[in-house]
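Here's the structure we're looking at; comments come further down.
The values are calculated or read from the model by the stated rules, or taken from the named source; none is laboratory data. Because the structure is a prediction, the values reported are computed rather than measured. Cβ coordinates were reconstructed from backbone atoms using ideal geometry, including for glycine residues, and neighbour counts include every protein chain displayed. Just so you know, the surface numbers come from the protein's heavy atoms only, side chains and all, with ligands and any DNA or RNA stripped out. Shrake-Rupley method; radii C 1.70, N 1.55, O 1.52, S 1.80 Å.
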Amino acid sequence: MSLPPPRRADHDIDPVFVKRHSPRAFTGEAVPEAELMRMIEAARWSPSAYNSQPWRFLYALRGDAHWETFLGLLVPGNQKWVSGTGAILFLVSNGLMKVGDELKPSYSHSFDAGTASLAFQLQAIHQGWHAHGMVGFDHVRAPEILRLPENHRIEAAFAVGRKTPETELTEEQRPRETPNGRRPITDFTIAGPFPPAAD
């Protein structure tokens, strides 16, 4: 049996960035709450505008009182594989921030929550877990079920678990569990402004 070749970066970076990917085959192992808190602790130290820290992590651990509710908010295709993970989270951002004594709209609340998201995911890798982010959830029901306060937005859902080792994947699982590549830097990096629009 041949395993897929490892992904390779074009520039010298820390291997954790290449190691991070979004598997769908998980072992079913529960995520201990202390392990999950370490991942969220990493997210806590992310940068944000005015240090507003707009991210909110709502979580359910496998088998707890919230698990079925959180799982039921995902689209059926995601429910199928998320059922094998050990924690489900919804990442929410607060659209208001405190500047001095005033509450003002935050231009960057989604962006700031995104920085926390990456810190969370990389810490998961460091601890031997994987986090798979998704927007495949019920966008109508989720805010009501999760009792979202005004000015808050669900940015994404995450499933965290121990990924199935490559040697234990079934023939059906193997093709979709191969980590994908990335576009070259030249596709999205420009020296200076965008080129002039064509006439």
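The rows are residues; the columns are (1) in contact (Cβ under 8 Å) with a residue 24 or more places away in the chain; (2) of a type outside the set (V, I, T); (3) under 18 Å from A142 (Cα atoms); (4) open to solvent by less than 40 Å² (accessible area, probe 1.4 Å).
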residue	(1), (2), (3), (4)
R44	yes, yes, no, no
A49	yes, yes, no, yes
N78	yes, yes, yes, yes
F90	yes, yes, yes, yes
S108	yes, yes, no, yes
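Open to solvent by less than 30 Å² (accessible area, probe 1.4 Å) and either more than 29 Å from R183 (Cα to Cα) or not β-branched (V, I, T) (or both): does that describe L71?
yes
Where the second residue is at pLDDT 95 or above and among the aromatic types (F, W, Y) and the first is over 16 Å from A30 (Cα atoms) and open to solvent by 20 Å² or more (accessible area, probe 1.4 Å) and lies in segment 155-169, which pairs have Cβ atoms under 9 Å and are six or more apart or on separate chains?
Filtered contacts from segment 155-169: E155/W55; E155/F90.
Testing R38 on (1) open to solvent by less than 50 Å² (accessible area, probe 1.4 Å); (2) under 29 Å from G181 (Cα atoms), one condition comes back false. Which one is that?
Here R38 clears every test but (1).
Anything in segment 124-151 that is farther than 22 Å from W67 by Cβ and open to solvent by 20 Å² or more (accessible area, probe 1.4 Å)? List them, or say none.
Scanning segment 124-151 gives H126, P149, E150, N151.
For segment 8-31, which residues satisfy the criterion of being over 26 Å from S108 (Cβ atoms), touching a residue at least 24 places away in the same chain (Cβ under 8 Å) and open to solvent by 60 Å² or more (accessible area, probe 1.4 Å)?
D10, H11, K19, R24, T27, E29
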